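One structure is given below, encoded as structure tokens.
Each value in this text was obtained by applying a stated rule to the coordinates, not by laboratory testing. Just so you know, these numbers come straight off a predicted model, no measurement behind them. Methodologically, a virtual Cβ is constructed for each residue, glycine included, from the backbone with ideal geometry; neighbour enumeration extends over all protein chains shown.
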Amino acid sequence: MRTALTPGPLPILGEGEILADVGLWWRMNTEENALKQHTLCKSTDLQPGEMKQFQLGRRGILLVRDESGDFYAVGSDCAHQSAPLVNGKVERMWVGDIVGESRPDEQRTVVVCPWHNYEFDIATGHSPCDPDRLRIQTYQVEINGDEVVVSV
């Protein structure tokens with residue numbers, strides 16, 4: 001674990017790049033800014049296919065349990081126009097090889113925005129329609145005993 005006196009390695013810079021703010025780098029790599037674990041709920045509180053919103057300070061976290069029972073944590077607001085994703089739905093991502101034909105993907109799950117039906121992959125946070133521009137934050141989730149713990 002890093003301490004306030006032993007920050008992480010300096011970033012690797014490309015040719016011609018300079019580290020403009022050493023103080024910012026120091027603050028981002030000290031123990032006080034390390035990820036903290038927060039217990040959100042019991043693993044039995046969410047059934048497969050359900051989601052629940054939590055507030056950690058000013059950060060909204062959407063905890064999602066996919067159909068196979070795995071837990072994922074993502075940002076709670078849509079990247080398009082900040083709709084509350086908790087009012088949307090969780091479903092398998094729809095894919096197709098031919099125009100006009102689609103089927104649910106067996107391995108990828110999305111949360112669907114209630115306002116404009118934007119989808120976000122719960123594992124990556126990326127929107128399949130525009131992965132470079134539309135993305136929601138993802139968070140690491142662990143199960144400790146019967147508690148669901150997120151690192152923020």
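Of note:
- Output for the range 124-135, where each listed residue is closer than 25 Å to Gln47 by Cα and either in contact with a Lys or Arg (Cβ under 7 Å, 6 or more places away or on another chain) or exposed (fewer than 12 other Cβ atoms within 10 Å of the Cβ) (or both): Gly125, His126, Ser127
- Where strands (runs of 3 or more DSSP E) sit wholly within the range 70-136, those with at least 2 residues that are of a type in the set (A, V, I, L, M) occupy 71-75, 89-95, 103-112.
- Residue list for the range 80-91, restricted to those being touching a strand residue (DSSP E or B) at 6+ places or on another chain (Cβ under 6 Å) and touching a residue at least 40 places away in the same chain (Cβ under 8 Å): Leu85, Val90
- Set Thr109, Thr138: member being of a type in the set (Ser, Thr, Tyr), within 28 Å of Lys42 (Cβ to Cβ) and surrounded by 20 or more Cβ atoms within 10 Å (Cβ to Cβ): Thr109
- Just one of the listed residues (Val141, Val90, Val111, Val86) is of a type in the set (A, V, I, L, M, F, W, C), within 15 Å of the chain's Cα centre (by Cα) and under 18 Å from Thr39 (Cβ atoms), namely Val141.
- Of all residues assigned to the range 42-51, at least one qualifies as being of a type in the set (D, E, K, R) and part of a strand (DSSP E or B).
- Answer residue from the range 112-123, given it is without any contact (Cβ under 8 Å) to a residue 40 or more places away in the chain and within 19 Å of Gly49 (Cβ to Cβ) and is surrounded by the fewest Cβ atoms within 10 Å (Cβ to Cβ) among those: Asn117
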